[in-house]
Amino acid sequence: MKVLLSGGGTAGHINPALAAAGHLSREHGAEILFVGTKKGLESKLIPDAGYDIRYIEVSGLIRRLTLKNLLVIKQFVTAVLHAKKIIKAWQPDVVIGTGGYVCAPVLFAAHALHVPTVIHEQNVIPGVTVKMAASIVDAICISFPETTKYLKPALHDKCVLTGNPIREELLLAQKEAARASLGLDARPFVVAFGGSLGAQALNNAIVDLVNTGAADDYQLLFGTGQRYFETVSEQIRKNDTAIRLLPYIKQMDVVMAAADVVIGRSGALTVSELCALGKPAILIPSPNVAHDHQTYNAKSMEDAGAALLIRECDLNAQRLKQALSTILGSPETATQMSEKAKAIGITDGAGRISQVAVSLIK
């Protein structure tokens with residue numbers, strides 16, 4: 001069996017493709033090939049993971065009226081022709097797209113050549129590429145049940161709830177062993193992070209929380225983001241070993257396993273991981289993403305009773321303190337949130353996506 005995957009631009013599109021590729025390779029003996037762009041993160045992450053990749057040139061549409069979009073459309077047509085050549089030469093049994101503008105011409109090329117196609121949407125709100133390709137693919141893998149609300153009714157029969165692939169190391173980590181390895185005491189452990197780059201509004205709220213003594217009742221690990229680390233280190237006045245600052249949290253599997261509460265953004269993969277692990281969360285959606293999709297991701301957890309949502313415009317130390325008190329001040333509340341998160345969590349996303357793809361092969 002030969003499987004061609006395409007998804008790129010950001011790790012949020014690439015990691016699900018890598019997870020599906022790993023499962024297909026291990027469980028089905030599949031040969032794997034990726035198609036991406038040289039300017040996307042896939043040009044580094046895919047080879048680093050040991051997979052072959054072919055490159056095409058394609059760009060995303062500019063979200064305003066501009067003549068530059070004519071060049072984007074011309075480039076798209078050329079990319080479809082290039083993708084056709086790759087598909088004809090490699091002859092995959094199925095093609096999987098995981099989002100990002102690079103996968104659209106690949107899926108259109110595969111459809112034109114009568115190769116079965118699958119697209120995976122990570123967020124509640126479908127992205128432009130998913131909406132664009134939904135009518136021509138054979139199956140649409142969705143990560144949240146609510147996604148069908150944003151797709152035409154005629155497409156609902158194509159939708160399969162697979163969830164997002166969860167990194168295996170996250171699922172295997174054990175809480176008590178993780179707490180011991182981090183040298184934690186019996187107090188609750190709170191983890192806060194705003195992504196690899198950080199989030200200034202979250203950083204400001206955490207700094208105020210710590211400096212006013214509101215964080216004295218628990219241990220805190222705070223991922224500030226690379227560009228904010230020095231500034232935050234200077235701003236925090238308390239010299240307390242229970243407050244740990246990192247520019248980036250590398251041991252996320254250990255840290256997440258040990259956490260009692262997680263504070264952070266609500267990207268699709270983060271939300272899926274929190275649900276799969278059953279972690280009560282305080283989510284602050286980024287307002288700077290397309291279609292405000294992080295708010296919809298967070299709302300899905302909040303509606304399920306698994307998270308508290310604070311909009312960035314309302315975020316401050318007092319709101320964070322109240323939210324933490326709601327969860328940590330009541331073991332019953334924390335337990336209920338954990339159980340409700342697990343109830344909507346999907347731990348075998350990669351396997352489900354793989355099964356959908358395999359089922360299309362004749």
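The values are calculated or read from the model by the stated rules, or taken from the named source; none is laboratory data. Here the structure is a predicted model, which means the values were calculated and not measured. Every residue, glycine as well, gets a Cβ built from its backbone with ideal geometry; the counts of neighbours run over all protein chains shown. When the accessible area is computed, the model is the full protein with side chains, heavy atoms only, and any ligands, DNA or RNA have been set aside. Shrake-Rupley method; radii C 1.70, N 1.55, O 1.52, S 1.80 Å.
Here is how the numbers come out for the structure above:
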quantity: Cα principal axis extents for the chain, largest first, Å; calculated: 63, 45, 39
quantity: Under the Karplus curve 6.51 cos²θ - 1.76 cosθ + 1.60, θ = phi - 60°, whole-Hz ³J(HN,Hα) for segment 23-36, x wherever Gly or Pro sits; calculated: 5, 4, 5, 6, 8, 10, x, 6, 7, 10, 9, 10, 10, x
quantity: Karplus 3J(HN,Hα) series, Hz, for segment 346-362 with 6.51 cos²θ - 1.76 cosθ + 1.60 (x for Gly, Pro); calculated: 10, 9, 10, x, 4, x, 5, 4, 4, 5, 4, 4, 5, 5, 8, 7, 8
quantity: Exposure of residue 70 as accessible area (Å², to 10), given a probe of 1.4 Å and all protein chains; calculated: 110
quantity: Geometric extent, Cα atoms of segment 175-245 - Rg, Dmax (angstrom); calculated: 12.2, 33
quantity: Cα gyration tensor shape for segment 125-173, rounded if a/c is under 1.5, else prolate or oblate; calculated: prolate
quantity: Alpha carbon convex hull of segment 125-255, volume per residue in cubic angstrom; calculated: 152
quantity: Translational diffusion coefficient (Stokes-Einstein; Kirkwood radius from C-alpha pairs) of segment 221-360 at 20 °C, 1.002 mPa s, in µm²/s; calculated: 130
quantity: Share of carbon and sulfur in the accessible heavy-atom surface of the chain [1.4 Å probe, %]; calculated: 52
quantity: Stokes-Einstein translational diffusion, segment 307-362 - Kirkwood Rh over all Cα pairs, 0.692 mPa s, 37 °C, in µm²/s; calculated: 228
quantity: Surface accessible to a 1.4 Å probe, per residue, for the residues of the chain, Å²; calculated: 46
quantity: Where N is the number of residues in segment 137-209, Cα Rg divided by 2.2 N^0.38 Å; calculated: 1.74
quantity: Over 25 Å (Cα to Cα) - which of 68/88; 85/158; 152/342; 158/362; 44/152; 299/340 fall in this group; calculated: 68/88; 85/158; 152/342; 44/152
quantity: Unit charges on C-beta of K, R, D, E only; dipole of segment 122-205, Debye; calculated: 220
quantity: Residue-wise HN-Hα coupling along segment 315-329, computed from phi with Karplus coefficients 6.51, -1.76, 1.60 (Hz; x: Gly, Pro); calculated: 7, 7, 4, 5, 5, 5, 4, 5, 5, 5, 5, 4, 8, 6, x
quantity: Exposure rank, largest accessible area first [252, 301; 1.4 Å]; calculated: 252, 301
quantity: Check: the chain dipole with +1 on Lys, Arg Cβ and -1 on Asp, Glu Cβ, in debye; calculated: 1280
quantity: Value of relative contact order over the chain, rounded to a whole percent, pairs C-alpha under 8 Å and six or more apart; calculated: 16
quantity: Global size of segment 82-121 as Cα Rg and Dmax, reported in angstrom; calculated: 9.2, 28
quantity: Distant alpha-carbon pairs in segment 24-114 (separation over 16 angstrom), percent; calculated: 57
